[in-house]
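Written below as structure tokens is the structure these notes are about.
The values are calculated or read from the model by the stated rules, or taken from the named source; none is laboratory data. These figures come from a predicted structure and were not determined experimentally. Here Cβ is always computed from backbone atoms with ideal geometry, including for glycine, and neighbour counts include all displayed protein chains.
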Amino acid sequence: MLEVLGNEPLLQNTCEGYAPRPDYRPLTKFENRGLRLGHGVWDLIFKRNAS
């Protein structure tokens, strides 16, 4: 998804690569289970460029 969104000219990544989980986003049950099982979890935060 990072590659796909990064190649979209109307979008701009707000971080270099993956973003740390923002404070405003709660930890989901699904994400918590993945972390408990040792899976990686990554956030993407893109904003739309002014057209």
### Query
Any residue at all in region 20-32 that is assigned to a loop (DSSP other than H, G, I, E, B), among the charged types (D, E, K, R) and over 9 Å from the mean Cα position of the chain (by Cα)?
yes
### Task
Residue by residue through region 1-19, note down the ones that are part of a strand (DSSP E or B), of a type outside the set (Gly, Ala, Ser) and either at pLDDT below 95 or out of contact with any Phe, Trp or Tyr (no Cβ under 6 Å at 6 or more places or on another chain) (or both).
12
### Message
Checking residue 19 against (1) loosely packed, with under 12 Cβ neighbours inside 10 Å; (2) among the small types (Gly, Ala, Ser); (3) in contact (Cβ under 8 Å) with a residue 24 or more places away in the chain, only one condition comes out false. Which one?
### Response
(1)
#### Entry: Hits in region 29-51 - residues which are surrounded by 12 or more Cβ atoms within 10 Å (Cβ to Cβ) and of a type in the set (Lys, Arg)
none
